[in-house]
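A short worksheet on the structure shown next.
The values are calculated or read from the model by the stated rules, or taken from the named source; none is laboratory data. Quick caveat: nothing in here was measured; it's all calculated off a predicted structure. Cβ placement follows ideal geometry from the backbone for every residue including glycine, while neighbour counts extend to all protein chains displayed. To get the accessible areas, we keep the full protein, side chains included, count just its heavy atoms, and leave off ligands, DNA and RNA. Shrake-Rupley method; radii C 1.70, N 1.55, O 1.52, S 1.80 Å.
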Amino acid sequence: MDKIRVMGGIPLSGRVGISGAKNAALPALAASLLTADTLQLENIPYVRDILTARNLLEVMGVEAEVREDGTATLNAGRVRSCEAPYELVKTMRAAILVLGPLVARFKKARVSLPGGCAIGSRPVNLHIMGLELMGAKCDVVHGYVEASTPGLHGAHVMMDTVTVTGTENLMMAATLAEGETVLDNAACEPEISDLADLLRSMGARIQGDGTRTIRIEGVRELHGSRHRIIPDRIEAGTFAIASAITRGDVEITKCNPGHLTAVLTQLGHTGAEVTIGSDGFRVRGRDPIVSKNVATHPYPAFPTDMQAQYMALMTQGDGSAVITETIFENRFMHALEMIRMGADITIDGRQALVRGGKPLSGARVLASDLRASASLILAGLVARGETVIDRVYHLDRGYYHIEQKLARLGANIERIR
Ligand code: EPU
C-alpha cells in the first residue's frame, strides 16, 4: 500500500491550479441516469471516488468514459440493472446518489445502504423519507433499500437536518416527478447549485438553489447536455492552509474564492494575508499564527471538510483555540495522530481544545479518512524531520496528485509505493 513521506520545514511558494470538485462531480455523474441522451462533463477530477462512481454506472449498463484530462462522456440509454451493489457502496457512500435518479426514471431501485463511517454514523433516512413523500415505497431488505413507485409526484419535503447528498438525491428525483416539489431546509453548498445548473441545462425546472428552499417543477423527460464542474473549494482551502502553516506565499488559481469566504475570513483572523484575485487568491503566511476558535456548520459557514486541516494550523497557533465540530459526531480521529506528532489537543465530545505553540516532530501516522489524510500532510509540512502517512488510499479518493502539487511548491514530499 502507498505511503506519503514528508520532510517538514520548508515554506511553500509558487502557484497551484485547483482541480474540479469531487463532491460536485459525483452527483453530476449520477445525473447521467436521468436521461437516455449523452452527457458531456468537463473538469472532472481524476480521483478514486470518481472512478468508483464510473464503475458503479458501468455495472448498471451506463456507457461511462472518464478521462484523465477531466472530460467524461456518459450515456444511460441502455441501463440493464437498477442495483447499486454493496461491494461498491461500501467503498464510497456517495453511491447513494443513484437512488433518486433511478427511482425517478426507471421507477425502481435497489441500492445497498452505506454502513457506518469513520467520521460518524451518517444515516440516509432523509433521502428515503423524501422519496416516500414523493410516492416511492421504500423497504430495507438484506441491507439494501428497495424502492419502487408507479410514478413519483411532487411533494413538500421538510428536512430536519441539512444534508448535502440528501438534497441532491431529492432534487434529481423531483426533476422527473409529476408536479412541484419543494425542498425545505435544503443544503446551500455550491455543489448543490452546480448540480442545479447541470440539471437545468438538461431541461429541468429548478428555482431557489443556493437558498434553504428549492422548488422543482417536474418535466416529462430530460435531454443530453454539456457541463463544466466547479473547482474544488476544499482542495483550494487545503492549499491555503498549506501556505499559511509553512509561512509560505502561494497563489491558488483556477478556483472560486467566493466559495471559500468563511475559510479565507478565518485564515485572515489567524494572521495570514489573503488577497483575492479574479481566478483565485494568494495566501501569505505570517508569524505569529493567531489561535482562533472555529465551529463547523453547513454552507456558507466554515465547512466540516476543512476542520482537520484547520486543526493542523492551530497546532502552530500562539495560544489556545477551540474547534467545534457540529456536522459529524466522530470527526476528530486526526487529532490523535497529531498528538503523536507532539500536538497538545484535548477532545471533549464535539469540541477539541488545541493549545498551540508546540513544535511538531515527524512520526509514522495513520490516515483515517480523506480530510484527515490531508491534515496529516499539513502537519508533516511543519514538523521537524520525517513524517510517513499510511493508508493514503483515503487521500487518493479525493485529491488529485496532491503530493506532486505540493512538491511543485517546494515541499519535500514523495509517494512511497
Ligand atoms: N444526516 C442525517 N440523515 C440523512 C442524511 C444526513 O441525519 O438522511 C446527517 C448526517 O449524519 C450528518 C449531517 O446530516 O450529521 C450532514 O450530512 P450530509 O448528508 O450533508 O453529508 P453527505 O451528504 O453524506 C457530503 C459530502 C461530505 C461532507 C458533507 C458535509 C459528498 C459526496 N460528500 O456528505 O464530504 O463532509 O456533505 O458537508 O458530497 C469529503 O469530501 O471528505 C466528505 C466527507
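Below, the figures for the structure above:
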read-out: Pair-distance profile P(r), taking every C-alpha pair of the chain, with 10 angstrom steps and integer %; value: 5, 23, 32, 24, 13, 4, 0
read-out: Electrostatic dipole magnitude of the chain [Cβ: Lys, Arg +1; Asp, Glu -1; Cα centre; debye, to 20]; value: 660
read-out: Mean residue ellipticity (222 nm) of the chain, computed from DSSP H runs ≥ 4 via -39,500 (n - 2.57), nearest 500; value: -9000 deg cm²/dmol
read-out: Built amide H within the under 5 Å cut-off of residue 17, gap 5+; value: 253
read-out: Alpha carbon centroid spacing (whole Å) that separates region 1-63 from region 152-217; value: 22
read-out: Accessible area (Å², per residue) of the chain, counting only protein heavy atoms and a probe of 1.4 Å; value: 38
read-out: Accessible-area ranking of 15, 247, largest first, probe 1.4 Å; value: 15, 247
read-out: Amide H partners (placed H, <5 Å) of residue 329, local residues excluded; value: 121
read-out: Integer Hz, Karplus 6.51/-1.76/1.60 couplings in order for region 169-174, x for Gly and Pro; value: 4, 6, 5, 5, 4, 5
read-out: Solvent-accessible area, 1.4 Å probe, carbon plus sulfur percent, for the chain; value: 48
read-out: J(HN,Hα) series, region 383-397, from Karplus relation 6.51 cos²θ - 1.76 cosθ + 1.60, nearest Hz, glycine and proline x; value: 6, 6, x, 9, 10, 10, 9, 9, 6, 6, 4, 4, 5, 5, 5
read-out: Over 28 Å [Cα-Cα, region 1-137], rounded percent; value: 26
read-out: Antiparallel DSSP beta bridges within the chain, as percent of all bridges there, nearest 5; value: 70
read-out: Most mobile listed residue (385, 248, 154) in the chain, GNM with C-alpha springs under 10 Å; value: 385
read-out: Among 102, 127, 162 the positive-end extreme of the charge dipole of region 88-163 (Cβ point charges); value: 102
read-out: Accessible surface ranking that places the most exposed of 325, 251, 63 first, with a 1.4 angstrom probe; value: 63, 251, 325
read-out: Beta bridges per DSSP with both ends in region 110-202, % antiparallel, nearest 5; value: 70
read-out: Net charge, residue 146 excluded, C-beta distance under 9 Å - Lys, Arg +1, Asp, Glu -1; value: +2
read-out: Contact order relative to length of the chain, as percent, for alpha carbon pairs under 8 angstrom and 6 or more apart; value: 21
read-out: Other-chain or far-sequence residues with amide H under 5 Å of residue 83's (modelled H); value: 110
read-out: Share of Cα-Cα pairs in region 262-324 lying beyond 14 Å, as whole percent; value: 56
read-out: Accessible-area ranking of 58, 403, 42, largest first, probe 1.4 Å; value: 58, 42, 403
read-out: For region 304-417, Kirkwood radius (reciprocal of mean inverse C-alpha pair distance, Å); value: 14.1
